[in-house]
Amino acid sequence: MSSNNFRIEEWEEVPADAKLPTNNGEFRIRVFHDSISGMDHVALTLGEMKGPDPVLVRVHSECLTGDVFGSLRCDCGPQLNSAIRQIQEVGWGCIVYLRQEGRGIGLHAKIQAYNLQDKGADTVEANLLLGHPVDARDYSIASEIIGAVGIHNVCLLTNNPDKVRQLVSNGTNVSERMPLIEGVADENREYLSIKVDKMGHDIPEEQLGN
């Protein structure tokens with residue numbers, strides 16, 4: 001990844017960098033502005049980002065319905081909460097929170113996709129029917145943020161092999177991957193099965209309860 005292609009803009013007279021006390025400990029929050037999308041992304045860190053062991057990292061794409069409203073249509077909220085708890089338990093780690101709602105198609109289109117799913121389409125078919133990619137997320141900005149906070153060796157919390165591939169191709173050293181299987185429910189079991197069958201996510205069938 002060439003420094004000439006950096007997308008993040010962070011340097012300000014008053015940095016967007018502060019303590020963030022939470023129910024899971026006192027984190028540090030830093031905001032990075034994406035010069036291409038115009039969106040603000042977040043790094044939520046706990047402890048030092050250097051050490052002999054890989055740093056526990058969750059690269060999490062924004063999900064208003066799951067993260068904020070507790071939707072059972074997906075597993076996003078439980079995954080985010082579990083990642084924060086795991087980081088608190090080990091004492092160090094990072095949440096990279098990316099503003100790319102609905103696998104990158106945006107909130108409006110995501111809810112349109114939900115409407116199509118209510119009528120029988122699966123999550124992949126719904127995106128395609130709306131003329132969107134199955135997954136439009138771009139993790140290059142995450143690689144920049146991971147580097148900017150000083151992480152050189154990553155243990156990535158994810159079930160998504162494409163996320164690993166993208167991060168590695170953008171220069172992130174992902175030396176380990178840990179599964180993050182959370183929030184499986186009757187309301188999202190079919191959705192998760194489609195992610196396994198059509199998107200290559202790594203979730204064992206027995207953990208889906210099929």
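Relative to the longest principal axis of the C-alpha atoms of the chain, give the angle of the C-alpha long axis of helix 189-199, reported between 0 and 90° and rounded to the nearest 10°. Here the helix axis deviates by roughly 70 degrees.
Backbone phi angles across the stretch 61-69, fed through the Karplus curve with coefficients 6.51, -1.76 and 1.60 (θ = phi - 60°), yield HN-Hα couplings of 7, 3, 9, 4, 5, x, 6, 9, 9 Hz in residue order; Gly and Pro are listed as x. Taking max minus min of the alpha-carbon positions on each principal axis, the stretch 93-210 gives extents of 46, 33, 20 Å, largest first. Structural descriptor for the stretch 121-210: relative contact order 28 percent, calculated from alpha carbon pairs under 8 angstrom and at least 6 residues apart. Under 5 Å from the amide H of VAL59 lie the amide H atoms of VAL96, LEU157, each residue being 5 or more positions distant or on a separate chain, with H modelled from the backbone and absent for Pro and chain starts. For the peptides 166-172, 193-199, 54-60, the ranking by mean Cβ contacts within 10 Å, running from highest to lowest, is 54-60, 166-172, 193-199. A protection proxy built from the mean count of other Cβ atoms within 10 Å ranks the segments 141-149, 123-131, most packed first, as 141-149, 123-131. Whole-Hz Karplus values for the stretch 33-43 come out as 8, 8, 5, 8, 7, x, 8, 9, 10, 10, 10 Hz, taken residue by residue from phi with 6.51 cos²θ - 1.76 cosθ + 1.60 and θ = phi - 60°; glycine and proline positions read x.
Here the stretch 67-118 and the stretch 123-144 have alpha carbon centers that stand 14 Å from each other. Partner lysines whose Cα lies under 25 Å from the Cα of LYS19, excluding those fewer than 8 positions away in the same chain, are identified as LYS50. Using a cutoff of 8 angstrom between alpha carbon atoms and counting only pairs six or more residues apart, the relative contact order for the chain works out to 21 percent. The packing ranking, built from the mean of other Cβ atoms within 10 Å per residue, places the peptides 61-68, 29-36 in the order 61-68, 29-36, highest first.
We did not get these values from a lab; they are worked out from the coordinates using the rules stated. Treat the numbers as computed from the prediction; the structure is a model and nothing was measured. Cβ coordinates were reconstructed from backbone atoms using ideal geometry, including for glycine residues, and neighbour counts include every protein chain displayed.
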